[in-house]
Amino acid sequence: MNLTYSISDLPKVAGLILENATNKTLLFYGEMGVGKTTLIKEIAKQLGVEDTLNSPTFSIVNEYAIGPEKLFHFDFYRIEYEEEALDIGIEDYFYSNHWNFIEWPEKISNLLPEENTAIELTKNKNGIRNIKMMPVN
């Protein structure tokens, strides 16, 4: 899936991501400020998260309830070594059968589950964004 969108299109884009995701591990790639967290907030809202979603830049992971399910939102921007992710028990999160939304997944590329959906965001000079979604099974 390849789309060009603006902020006003976020609800539609989030819905398309959920419709096309073939698994519950979504990897969000893109430069700082491209809108990864903003998009994640909309997807979480559509999943039924009622809490205010914040970037887990300092805590590395935030957990949100979705009825009996959970959503784990990770931000690996500040880690320097993959071992730091292992120290927080990353494997337990990844294989819990809950939603995993991962910002900066390239920082832990060797630890990522084989089944994932990569979402690459880029921003044009006019503020319009491009999204490329690539499910991996």
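With a 1.4 Å probe rolled over the protein heavy atoms of all chains, the accessible area of 7, 128 falls in the order 7, 128, largest first. To the nearest ten degrees, helix 10-20 and the longest principal axis of the Cα atoms of the chain are 60 degrees apart. Checked against a 27 Å cut-off, the cross-linked pairs 41/123; 12/107; 24/125 give Cα-Cα distances beyond that limit for 12/107; 24/125. Calculated accessible area for segment 1-76 comes out at 49 Å² per residue, all protein chains present (probe 1.4 Å; ligands, DNA, RNA ignored).
Here segment 65-116 yields Rg over Rh of 0.96, to two decimals, using C-alpha coordinates and the Kirkwood radius. Normalised by 2.2 N^0.38 Å, where N counts its residues, the alpha-carbon radius of gyration of the chain equals 0.99. Exactly which GluC sites (Glu not before Pro) in segment 43-115 are in a DSSP loop and have at most 11 other Cβ atoms within 10 Å? Passing sites in segment 43-115 are 50, 80, 114.
The values are calculated or read from the model by the stated rules, or taken from the named source; none is laboratory data. The model shown is predicted, which means the values in this text are computed figures rather than measured ones. So basically every Cβ, Gly included, is an ideal-geometry build from the backbone, and we count neighbours across all protein chains shown. Note: areas computed on protein heavy atoms with side chains; ligands, DNA, RNA excluded. Shrake-Rupley method; radii C 1.70, N 1.55, O 1.52, S 1.80 Å.
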